[in-house]
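The values are calculated or read from the model by the stated rules, or taken from the named source; none is laboratory data. Everything quoted here is computed from the prediction, not taken from an experiment. Please note: Cβ atoms are built from the backbone with ideal geometry, for glycine as well, and neighbour counts cover all protein chains shown. The accessibility values were calculated without ligands, DNA or RNA, using every heavy atom of the protein model including side chains. Shrake-Rupley method; radii C 1.70, N 1.55, O 1.52, S 1.80 Å.
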Amino acid sequence: MDFLNFDYEEDEDENAEMSEGSVSVEIQSLTEATDTAEEKPREDSPDTDLEIEDPERSFATIKGPELYIEACKLVGVVPVSYFIRNMEEPVMNLNHHGLGPKGTKAIAIALVSNTTITHLELEDNWILGEGTTYLVQMLRENCYIQEMNISNNHLNIDGAEAICRMFYHNTSNVRAVQLAGNNFREESAQYFSESLMVNYRVMELDLSHNEFSEKGGEQLGLMLANNEALEVLNLSWNHLRMKGAVALSAGLRANGTLRVLNVAWNGFGNEGALALGEALKVNTSLNELDISSNHINNEGTMRLCKGLELNGSLRILKMSHNPITVEGAIALVTAVKKNSKSRMEEINISNVLVNDSFIKLLDLVSEAHPELDVIYGGVGGHIAKKPLQRPDAMKLIQYYLDSNKLRLWDFFKNMDKYGNMKIPVAEFRRAMLWQSKIPLNREQVTELVRKLDRGRTGYVDYSHFKVEEPEPKPKEEEEEAEEV
């Protein structure tokens with residue numbers, strides 16, 4: 001890890017003269033860390049030349065908006081009014097503000113002592129590698145920021161190195177980092193691989209819309225095999241094909257913590273599908289896998305199904321926009337049928353046209369796996385064909401409740417194990433298909449879920465059906481009513 005240690009030791013040497021625990025000195029190190037190539041402010045511009053008349057005055061004596069305004073004067077940028085107004089809010093959204101490296105530096109100075117912001121959004125600000133360095137220095141002191149988005153900021157290899165130095169030494173409390181669209185190429189992959197192999201803080205990482213290819217896949221696969229903290233990894237819209245796809249899948253095989261993996265729009269092909277199938281045979285942690293738009297055809301799907309037949313953890317599989325036909329769709333549902341321990345809740349093959357044989361198979365499988373929802377494109381090639389009219393599920397439920405003098409609120413409440421007015425969709429589907437009092441088939445339940453969970457949150461929120469209970473009368477009023 002020489003490439004990371006060397007740079008980090010240089011930083012430590014530069015800061016050796018600073019007194020420990022002094023926020024004012026740390027801020028001073030941020031303000032003085034300007035690159036030698038940085039253009040000096042013009043002498044005729046009073047707004048870009050901060051003169052502190054009182055030599056005893058320290059940044060440690062001021063905080064909040066005043067500190068930020070002073071920092072802006074020092075680096076020569078116009079303060080962002082939104083930042084000043086919202087410094088006491090937990091979420092700071094500065095996306096698309098054109099901050100640049102200098103504006104980022106001023107923000108970083110102000111954030112060193114901030115204790116309220118936990119989520120920092122800085123997407124599309126041309127931060128560059130220089131601005132990333134300021135953020136990393138700030139995060140050494142600020143232990144309150146948990147989520148950070150610096151996507152689409154032209155970080156390139158310098159920014160990758162700065163971020164990975166932070167990862168390697170676990171010098172921040174950031175748990176979720178978005179780094180999409182930052183021109184990270186093959187040479188950056190080694191930085192991420194080696195630093196994340198020893199990182200125990202970052203749990204969610206977005207590296208989508210970058211340019212990792214075969215070597216990048218090999219490095220990131222090695223990281224996956226050794227990382228023990230990541231739970232969510234987004235590598236969609238890269239170039240992970242052939243050897244890169246196989247290597248990444250091999251890393252997944254050995255991983256025991258990842259819950260969500262998104263590798264959509266990469267070009268895994270049938271070889272990648274085969275490798276993923278092998279990984280799914282032994283992986284016990286992955287809950288959601290997105291392999292949409294990966295040039296996987298029926299052959300690759302059937303290879304993937306070998307893993308699905310044995311996997312007991314995967315709940316969501318997204319495979320839309322792959323060249324799959326009804327044969328591939330049947331193979332996927334059959335794999336669930338063969339697997340008694342399958343926990344599959346959703347298979348998305350939204351572009352695939354199916355036939356009546358598939359529908360019959362899905363109905364059969366739903367009897368044993370009522371939580372399973374397969375999203376397909378249409379039946380028999382007639383997407384716009386008017387479906388067979390069936391009684392509306394909600395009307396049937398309401399009719400049953402009215403007949404038995406029951407309330408809709410109580411109907412949902414009886415299915416709510418957690419008492420938070422939100423029922424997981426899988427549990428709701430299971431309860432509706434296995435109950436016998438209201439005759440509903442799979443398609444009716446699917447349509448009911450679509451209506452009750454329009455935002456596809458994964459939960460049926462029935463809070464709007466809540467009925468206010470009448471307040472109990474005081475005991476004296478009850479006694480008076482009885483006397484009358």
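Can His295 be described as touching a strand residue (DSSP E or B) at 6+ places or on another chain (Cβ under 6 Å), within 25 Å of Gly378 (Cα to Cα), open to solvent by 10 Å² or more (accessible area, probe 1.4 Å) and not aromatic (Phe, Trp, Tyr)?
So His295 does not fit the description; no.
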Residue tally, condition hydrophobic (A, V, I, L, M, F, W, C), more than 16 Å from Ile69 (Cβ to Cβ) and open to solvent by 10 Å² or more (accessible area, probe 1.4 Å), over region 89-129 | 3
Out of (1) modelled with pLDDT of 95 or more; (2) open to solvent by 30 Å² or more (accessible area, probe 1.4 Å); (3) in contact with a Phe, Trp or Tyr (Cβ under 6 Å, 6 or more places away or on another chain), the odd one out for Lys422 is which?
-> (1)
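Residue-wise test of (1) in contact with a Gly (Cβ under 7 Å, 6 or more places away or on another chain); (2) assigned to a helix (DSSP H, G or I); (3) modelled with pLDDT of 95 or more; (4) open to solvent by less than 20 Å² (accessible area, probe 1.4 Å).
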| site | (1), (2), (3), (4) |
| --- | --- |
| Ile330 | no, yes, yes, no |
| Thr334 | no, yes, yes, no |
| Lys337 | no, yes, yes, no |
| Ile347 | no, no, yes, yes |
| Ser350 | yes, no, yes, no |
| Phe358 | no, yes, yes, yes |
| Leu361 | no, yes, yes, no |
Residues that are open to solvent by 10 Å² or more (accessible area, probe 1.4 Å) and among the polar types (S, T, N, Q), drawn from region 318-328 | Ser320, Thr325
Hey, Ala245 touching a Phe, Trp or Tyr at 6+ places or on another chain (Cβ under 6 Å) and not in a loop (DSSP other than H, G, I, E, B) or not | yes
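Taking the stated definitions as given, is Gly217 under 19 Å from Gly267 (Cα atoms) and either crowded, with 20+ Cβ neighbours inside 10 Å or within 20 Å of the chain's Cα centre (by Cα) (or both)?
Criteria met by Gly217.
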Return a yes/no flag: does region 432-440 have any residue that is more than 19 Å from Asp373 (Cα to Cα), at pLDDT 85 or above and surrounded by 11 or more Cβ atoms within 10 Å (Cβ to Cβ).
-> yes
When Arg343 is evaluated against the numbered criteria (1) closer than 24 Å to Val246 by Cα; (2) out of contact with any strand residue (DSSP E or B) (no Cβ under 7 Å at 6 or more places or on another chain); (3) open to solvent by 50 Å² or more (accessible area, probe 1.4 Å); (4) not β-branched (Val, Ile, Thr), which criterion, by number, is the only one it fails?
-> (1)
Strands (runs of 3 or more DSSP E) contained entirely in region 133-240, each with at least 1 residues that are at pLDDT 95 or above and more than 25 Å from Gly272 (Cβ to Cβ) = 147-149, 176-178
What pairs can you find where one residue is in region 379-399 and more than 15 Å from Val445 (Cα to Cα) and at pLDDT below 85, the other is open to solvent by 90 Å² or more (accessible area, probe 1.4 Å) and not small (Gly, Ala, Ser), and their Cβ atoms are less than 9 Å apart, with a gap of 6+ or different chains?
-> Gly380/Asp356
So Asp373 fits all but one of (1) within 29 Å of the chain's Cα centre (by Cα); (2) open to solvent by less than 10 Å² (accessible area, probe 1.4 Å); (3) under 21 Å from Ala426 (Cβ atoms); what number is the exception?
-> (2)
